[in-house]
Each structure stands twice: as C-alpha cells, then as structure tokens.
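Here is the structure we will look at.
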Amino acid sequence: MSRPRIVIVGAGFAGYRTARTLSRLTRHQADITLLNPTDYFLYLPLLPQVAAGILEPRRVSVSLSGTLPHVRLVLGEADGIDLDGHTVHYTGPEGEEGTLPFDRLVLAAGSVNKLLPIPGVAEHAHGFRGMPEALYLRDHVTRQVELAAAADDRAECAARCTFVVVGAGYTGTEVAAHGAMYTDGQVRKHPMRTGMRPRWMLLDVAPRVMPEMDERLSRTAERVLRQRGVDVRMGTSVKEATHDGVVLTDGSTVDTRTLVWCVGVRPDPLVESLGLPMERGRLLVDPHLQVPGRPELFACGDVAAVPDLTRPGQYTPMTAQHAWRHGKVCAQNVAASLGIGRRRAYRHRDMGFVVDLGGAKAAANPLGLPMSGPAAGAVTRGYHLAAMPGNRVRVAADWLLDAVLPRQAVQLGLVRSWSVPLESSSPEVARVPGHPGRARTDTGGDAGSDAGRDTAGDTAPDTEQASGEPGGGAAKNQRGGRPAQTKAGGESGKTHSGGEPAKTNGGSPPAKNHPGGEPAKNHPGGEPAKNQPGGEPAKNQPGGEPAKNQPGGEPARNQPHGERVKRGQSGSPRASGKPRRAVEAAGPRPGRGASGKPGKASRASGAGSAGQRSTAPSGPSRSAGPPADPGPPAHQPPPGPDIAPGPVRRTDGRAAEGDS
C-alpha cells in the first residue's frame, strides 16, 4: 500500500511549523511535500535589522532543506487547486508548470499587500515584506544619504534625506526606529555640506503608535522614536504620492524620494478561488483547523479564520503568535486523520508582545509584565534567539559585532526599484526581466495600523509581532499583445524589443517614450509622468487623448527595451479543471479584459488608469514557447546604483537615479 501524500502550500510561520511537526509525527509513514517560492524560511521579525545593516541577509533565512530533511521541497507558487481531482497546480521559478497530487492538503499561503485607492502609491511606494525589499531599502537609503551629502542645493538635500514610513504598526515602527539610527550613523561620520540631518516621518491614521499593544508600551515606543528625532504624526496619512514627494491628508506637502508602505496585509486570494465559505477573505475552518465538508483540506495561518475558543463568536487575529501555534495543531490533526495520534482543538494563551526599537531600546510585555529600556531589549533579543529555528549562533555573533564595530554603510545595487513593486504577490522573490509574475493585491480596506506583521507566509511566533513603482519594468495592462506601432504615411514604425528606436515616415522626430528620443517621462530619472496624480493626462495613454493612427488598441506605455510586454491578469485563480496560469513576461499574446473579482487587482498602475478598458486587436495566438529574452541593447549602460534601468538617457543635466 502506497504512503499517503501530504502537500503543504507555503513555508511561512504556519507552513514551516506544520511541515516540521508532521515530519516528526509521521516518521516516514507519509510523503510530505512543501511548495514554496523560495528555499528558505524567513524570520520576518528581524528583517528591519537587515535593512539597518545589523544582520546579514542569510542570518534571518533558515534553509528549508537543511532543517526539514524528510520533507520534499518543490520551488514554485500555487496558482490553482482542484479539490475534486486532488491536485495543486503551480508555476516554478523559471516559468515551468507542474501539478502535485495529494491525499491531504494544508493551505498556509499567508497574506499579500493591502493596497489602498490612493493615487500614486502603487507607483512610488515600496513595501517591507520580503528579503528583496529589505535589501532594496538598505541600498536606497544609503544612496539617498550619500547623494544628499554631495548636493549643494538645500531643497534637493532635504528631499533626499527625508524618509516617510506609512503605518505605525509593528513593522512601520521598527523600520522607522532602526532607519533613524542607521542614517544618523552615516551622517555622524560624513556630515552633509548643507548642515542638514536625515529626517524620518511615521504616519498613521490610528490615534497612537502600535494600537495593538498595551497603551503604556505604545507610549514607550513613541517616546523612543521622538528622542531619535522621528516625526511621529498620528491621525495623518498619505493623500497622494508623486515622484517628488507626498501630499498628506492634513493638506501639507513633504518633498521626499522615499515612501515605505507598511499599512497592512490581507489573506492570499488563492483561497478565494476554492468557492468555499469565507470570512473577510479568510477560509472558514473548525477549531481543529479543518474545512467543514472537506476532510482532506486543512488551513492555518493568515488564510484561515479559526474560531477563538477563549472569545466565543470571534476569530483569532492575523498575528504571528497564532500562525506559529496554528502550524503545530494543524500538523497534529493531519496526522490524526491518517490514524496517527488524536485530534485536538486550537486554544491559546497570550504570551505578550516584543518590539525591537534598535540599540538597547525595546518595548516588551512578556506574560503581561510591561517592560522598557535595556531590560526589554535583553528580553526581546533573548526571545528571538529562542524562537528562531536556526542560525542562532550567527545572529548572536552579528549582534556582538554590531555592538563593538561600526556598521558598513555601502550599497551593493543588487536589487533595483522596478524588481520590488508594491503590487507583487511574492515579495520574497525579486522580479527579473522575462520572469513570469502575477499580482495579487487589494485596493480596499482602511488605511492605518497593521493587523499583524506582514510575512512571507504568515506572521511571527509566540509574541505578537506584526508581521513602487516597477520603473523600467515591462509595460502593464497592455492589451493586444503586440508591440506598439505608429503609422506615418502608410508604413508602420514598429518598436522592437531590444532593437531600434521607433521609426516614423513622416519626417517627425523619434518617439519620446522610446530610446533614441527624449527621456521617457514615466521612468525613474526622467521627468514626472504626465499621467501621474497631479499632472496632466499623458497623450497616447489610456485616459488621455486617443492614440493617433494607432491600429487597434492602445500603444504600449513607456515600454523599455529588452523586456516584453505583459498581458493583464484577469480573474482569480481557478480551483478546478484548467488552473490559472501565471502571467508570462516574455512573448506577445492576445489581450484579455481584466476581471473585477476580488483578490486580483488590475495590472494598470496609478489612479489615472484605474477602471480603463482597452480594445484588443485580433492577432495570432501565442506560440507554444516564449521567445528568448534578447537582453538589454548594446548601448545600454551596465546596471549600477546610480543608473536607471532601461536605455533611458538624461538630457536635462540632472543626476541619474536608479530608483524613483
């Protein structure tokens, strides 16, 4: 008799602990498969220390294959589930597709970014939920301080050394606290020529910092932030974001080049495709974390609405304390369904909170005992060492080195701005040209504090840790699947991917949004896009004037060389029959209209293109295999920290920037 097959989707806090506990309980009596986009478990509570240069990235990345020796790891992202056929469809990191059969399925896919309908946020803000975003923020902050130190203009210097963080939950508070210490250390060694100092702002519509915590601890955190010079503004958020700054809800304008979005998360929309009872986007389960009527299906973590037995009529919140414990109980009940052990209901006891504010400062509430100062800092770091499933010695060694040696403030330029867009459904994986990707975002909900820490799979363990623009990326929301064409005098001037500039036969100059002409206005380092909030509607853009002499649909918007036009994603993931395919970044394909179902946001970026539908011209069907990526053109400079992605060249004398 064959062994039962158990598939776990997601290796966040809930999924990782489910796999680890099941491996110990089954003892080779079942085949356990873990499906995850990366080969590591990310300990997200320490991610702000990675962005601040305290910890190296691998310190908070725990190897899945190294710590789960009896679990089969499959790299990929689930995009369809057939409950009747007992299969999970997934797309691998290189675009390959596959299916995993199962006898028991555990959904622990975690959560995705919560995007609000605020103009410009999706184009100019970046989240803080994955390793690429932390590495990008570290490089970006370092670069802005270095450019500000070399600037003679006070206005430019002030904008570059102003950093705005939206969301005063656990994530936003820790990012602002660690970021202020990091930039102060840079300026202390190399003062700015204008005499200015870095300025950090923390915004939230909530009445106080970290409203989930005890009020005394909230006051402690706010006091530490203000002592470090952080401008804490409660009851205030962002009304509009542009390339040069943000407009706040109180009417004031802040010039800045950095906007960090830590507002909150929502459950992964993958579960919405199942057609099962939901509770605010979360899959309804019983106290045993099993889906009623589906004995083979379990769910835990952020995607599961688990009844709170200590508070009848309510569900456990989306926090790490619950996600970590869900995993253990879920594994025990999956094993019990196979005849190993017995079932148990999920009950919990609040263990308290810990918030690391950098240095020796922290706010903690272990077992209901409020603490602050160095004592809280010792408790917080001791807890993290105990909770981490690996790398404890390395983490402790980095903490020791940081205490006795100065930090290395260098930028590596490994992660570009366009590779970590805010609307990404997989922040743990940076986008690359020709890489298949898909967006799962939410444009609804309330702006404000985090419902729990954003995590790669779920939220942090035991103590409640609240867990952009793709400038130069592929053109979004492109309908029709063909490169933009402009006819002048009967002959079409075609834009070739990675080829020549767009040609016209009417004697007119090269197209402004193509290489060979003026800088693209919607690219980093160029002029502000006219279709952005606060600007004029761009011509030849959806919502602006119609494209002249355009055959069929809309022209590609600001499409760079060397990258393919993306087809807009439509609908939610499918649950049966033909699973939803991930969007392919390479190769033309016929356009499809965007669906209005919840769980999938349109590929259109910015408020100006929201709700626009374009007409797709008929064209040939997509070929069986995507064409090879031709790579960047020969005249494009090599990517670096100060060079914008794509072949855009500055003509106005301003310094080029690698990110907007």
Next on the checklist: Loop-only chymotrypsin sites (Phe, Trp or Tyr not before Pro) in segment 106-199, please: DSSP not H, G, I, E or B, and at most 13 other Cβ atoms within 10 Å.
Outcome noted: none
Checklist outcome for this item: Taking 172-180, 385-393 and ranking on average Cβ neighbours within 10 Å, highest first, one gets 172-180, 385-393
Checklist entry - Where does the charge balance sit around Asp31 when Lys and Arg score +1, Asp and Glu -1, over other residues with C-beta under 12 Å from its C-beta? => result +3
Checklist entry - Which trypsin sites (Lys or Arg not before Pro) does segment 1-59 hold that lie in a coil by DSSP with at most 11 other beta carbons within 10 Å? => result Arg27
Next on the checklist: Given Cβ point charges of +1 (Lys, Arg) and -1 (Asp, Glu) and nothing else, what value in debye, to the nearest 20, does the dipole of segment 209-337 about its Cα centre take?
Outcome noted: 360
Next on the checklist: Whole angstrom only: what separates the Cα centroid of segment 187-227 from the Cα centroid of segment 15-76?
Outcome noted: 33
Checklist outcome for this item: Simple spin-label estimate for Thr249/Asp153, 7 Å along Cα→Cβ, in nm, reads 3.2
Checklist outcome for this item: So His348 and Ala378, fully extended at 0.36 nm per residue minus their Cα-Cα distance, gain in nm 8.3 nm
Checklist entry - When the distances between all Cα atoms of segment 319-362 are binned every 5 Å from zero, what whole-number percent does each bin get? => result 5, 18, 19, 15, 13, 10, 7, 5, 5, 2
Checklist entry - How far apart, in nm, are the 7 Å Cα→Cβ label points at Leu369 and Ser63? => result 3.8
Item to check | Cβ-based net charge around Thr256, under 12 Å, with every Lys or Arg adding one and every Asp or Glu removing one | outcome: -1
Checklist outcome for this item: Once both label points are put 7 Å beyond Cα along the C-beta direction, the Asp103-Leu385 separation in nm becomes 4.3
Checklist outcome for this item: Computed from the beta carbon distance with a Förster radius of 22 Å, FRET efficiency for Arg24 and Val74 to the nearest 0.05 stands at 0.60
Item to check | Compactness index (Cα Rg / 2.2 N^0.38 Å), segment 1-55 | outcome: 1.47
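Computed from the coordinates by the stated procedures, all read-outs in this text should not be read as laboratory data. Model, not experiment: these values are computed from the prediction. In this analysis, Cβ positions are derived from the backbone assuming ideal geometry, glycine residues included, and neighbour counts consider all displayed protein chains.
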